[in-house]
Amino acid sequence: MVHSSTFELGPHTLKVSKTLHQINRNRLVERLRSDNNVPNDSVIVLQGGKTVNNYDTDTEPVFRQESYFHWTFGVGEPDYYGAIDLNTGKSYLFAPKLPDSYAIWLGKLYTLQDHVERYNVDAVYHTEQVSTPFL
């Protein structure tokens, strides 16, 4: 699957380099490493915005990603988690595992490797594997 090197909200909107989110993560790691109150073996875990349905219907309001999560990882979709290991600086995303049937509505579903390339992180796991990279 081909991935753009920029983030944009559509035609005729500002294109932002996806390396910006990697730069943001690196700045965050440097800042926290320099803070003596943060233990060296810390891991930052962030939760992105969640899918919300309109009461008892199958419709959803327009999704807006949690701002700090987007600043850190550049993910615009709901139900993701992210983590950064302060020792190594490695970044991880945890993506929801969508049923194969979702391809009917969404088209080809992204693989974990697609997510690595799309968001410029070190590794991607499914949300139920959140502890895997830290074992």
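The table below lists the values:
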quantity: Count of residues meeting criterion [among the charged types (D, E, K, R) and without any contact (Cβ under 8 Å) to a residue 60 or more places away in the chain] in the stretch 20-30; calculated: 2
quantity: Qualifying position, being in contact (Cβ under 8 Å) with a residue 40 or more places away in the chain, of a type outside the set (Val, Ile, Thr) and outside any helix (DSSP H, G or I), among Lys108, Lys97; calculated: Lys108
quantity: Subset of the stretch 87-107 [closer than 19 Å to Asn24 by Cα and surrounded by fewer than 18 Cβ atoms within 10 Å (Cβ to Cβ)]; calculated: Asn87, Thr88, Gly89, Lys90
quantity: Condition broken by Val75, with the remaining ones in (1) free of Cβ contacts under 8 Å to residues at least 24 places away in the same chain; (2) among the hydrophobic types (A, V, I, L, M, F, W, C); (3) in a loop (DSSP other than H, G, I, E, B) satisfied; calculated: (1)
quantity: Any pair with Cβ under 8 angstrom, 6 or more apart, that starts in the stretch 31-47 at a residue that is exposed (fewer than 10 other Cβ atoms within 10 Å of the Cβ) and ends at one that is in a loop (DSSP other than H, G, I, E, B); calculated: Asn40/Leu86; Asn40/Asn87; Asp41/Leu86; Asp41/Asn87
quantity: Matching residues, the stretch 71-88, being within 22 Å of Asn36 (Cβ to Cβ) and either of a type in the set (S, T, N, Q) or at pLDDT below 95 (or both); calculated: Asn87, Thr88
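The values are calculated or read from the model by the stated rules, or taken from the named source; none is laboratory data. Remember, it's a predicted structure, so these values are computed and weren't measured experimentally. We place every Cβ from the backbone using ideal geometry, glycine too, and count neighbours over all the protein chains shown.
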